[in-house]
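**Student:** What follows is a single structure, and I will ask about it in a moment.
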Amino acid sequence: MSLHIINHPLILHKLSIMRNKKTSTMEFRKMLKEISMLMGYEITRDFPLEYKTIETPLQTMEAPRLAGKKVVIAPILRAGLGMVEGLLNLIPSARVGHIGLYRDEVTCEPVFYYYKMPANKDRLVILTDPMLATGGSACDAIMRLKKDGFKNIKLMCLVASPQGVKRVEETYPDVEIYLASLDEGLNDKNYILPGLGDAGDRIFGTK
Ligand code: PRP
Ligand code: URA
């Protein structure tokens, strides 16, 4: 299945704080970091284990350990940056790439301006962006990652519209999508409803 909605009560509680227009920049950022960590717990659920013999104080056992899954966290700038720290808390050895895209205010089409990813294309990419609205930005980022040779990609968003999910699912059926909430839809400016407003502006306090 490519769509995972991680509607854990802790996540939904923190997301409601983020949605509230009265929430401060500081609190918004803190909630995003905490939710990212909680979502990271589910995103890493299929990480493979290997078994190694160890001795507990009482006896020997075959103990499970992570089998060295190599990960790169790739935020879509700017808002995706807000999800990096929470994931790094869980996967401290992950590399961090950057994909620079912003949505043109009039056309709502993604405008590309930066791309930097690690050389090893075998790594699992966790592509982060809190907002999946029309899906244009996510599809553009996935297209660039695939062109660059990355094959194993997971998309981690906070809030999505049904239209955005459909677009990513139809264009890239191999990409697993992780969300905290599938919202109602888009307004006439392609903002997610009920959503949480402009994620980049709310994270960085630029409005
Ligand atoms: C927002 C958001 C996504 C994009 C979603 O970025 O963080 O990247 O819009 O919209 P879409 O699914 O319709 O493409 P924005 O363009 O506001 O850039 P910013 O994060 O730099 O502010
Ligand atoms: N980008 C945002 O930051 N919020 C939306 O609702 C849509 C696009």
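**Student:** Taking GluC sites (Glu not before Pro) as exposed when DSSP calls them loop (any state but H, G, I, E, B) and at most 14 other Cβ atoms lie within 10 Å, what is the longest stretch of the chain free of them, the sites themselves excluded?
**Tutor:** 1-104
**Student:** May I ask you to rank 4, 13 by accessible area, largest first, using a 1.4 Å probe over the protein chains only?
**Tutor:** 13, 4
**Student:** Then there's this: Is the stretch 43-87 best put as rounded, prolate or oblate by its Cα gyration tensor, with a ≥ b ≥ c the root eigenvalues, rounded for a/c under 1.5, and otherwise prolate when a/b is larger than b/c, oblate when not?
**Tutor:** Prolate.
**Student:** When the solvent-accessible surface of protein heavy atoms is calculated with a 1.4 angstrom probe, in what order do 3, 145 fall, highest first?
**Tutor:** Sorted descending by solvent-accessible area, the residues read 3, 145.
**Student:** Ok, one more. What accessible area, in Å² to the nearest ten, does a 1.4 Å probe give for residue 174?
**Tutor:** Approximately 80 Å² for this residue.
**Student:** Under a cut-off of 20 Å between alpha-carbon atoms, report the lysines in cross-link reach of residue 70, not counting same-chain residues fewer than 8 places apart.
**Tutor:** Leaving aside lysines fewer than 8 places away in the same chain, those within reach of residue 70 are 52, 116, 121, 146, 147, 151, 154.
**Student:** Here's something else I'd like to know. With all protein chains present and a 1.4 Å probe, how do 78, 95, 19 order by accessible area, largest first?
**Tutor:** Result of the area sort, largest leading: 95, 78, 19.
**Student:** Three principal axis extents, largest first, for the C-alpha atoms of the stretch 1-46, in Å?
**Tutor:** Per principal axis, max minus min of the Cα coordinates gives 36, 16, 14 Å.
**Student:** Per the Debye formula with a single identical scatterer at each Cα and no solvent contribution, what log10 I(q)/I(0) holds for the chain at q = 0.12 Å⁻¹?
**Tutor:** Treating every Cα as an identical point scatterer, log10 I(q)/I(0) equals -0.60.
**Student:** Once you have the Cα-Cα distance between residue 16 and residue 114, take 0.36 nm times their residue separation minus that, and quote the gain in nm to one decimal.
**Tutor:** Result for the pair: 32.1 nm of gain on full extension.
**Student:** To the nearest 20 debye, what is the magnitude of the charge dipole of the stretch 165-207 about its Cα centre, counting +1 on the Cβ of each Lys and Arg and -1 on the Cβ of each Asp and Glu?
**Tutor:** Dipole about the Cα centre, nearest 20: 240 debye.
**Student:** Rolling a 1.4 angstrom probe over the protein heavy atoms, how many square angstrom per residue are accessible across the chain?
**Tutor:** Per residue, the chain has an accessible area of 54 Å².
**Student:** What distance in nm separates the simple spin-label points at residue 191 and residue 56, each placed 7 Å from Cα in the Cβ direction?
**Tutor:** The two pseudo-label positions are separated by 5.4 nm.
**Student:** A further question follows. Could you pull the Cα extents of the stretch 9-85 along its three principal axes, largest to smallest, in whole Å?
**Tutor:** 55, 27, 18 Å, listed from the longest principal axis down.
**Student:** Let me ask something additional. Based on Cβ point charges of +1 for Lys and Arg and -1 for Asp and Glu, what charge dipole magnitude is obtained for the chain about its Cα centre, in debye rounded to the nearest 20?
**Tutor:** That gives the chain a dipole magnitude of about 480 debye.
The values are calculated or read from the model by the stated rules, or taken from the named source; none is laboratory data. From a predicted model like this one, the values you see are computed outputs, not experimental measurements. No Cβ is skipped: glycine too gets one built from the backbone with ideal geometry, and neighbour counts run over all protein chains shown. To get the accessible areas, we keep the full protein, side chains included, count just its heavy atoms, and leave off ligands, DNA and RNA. Shrake-Rupley method; radii C 1.70, N 1.55, O 1.52, S 1.80 Å.
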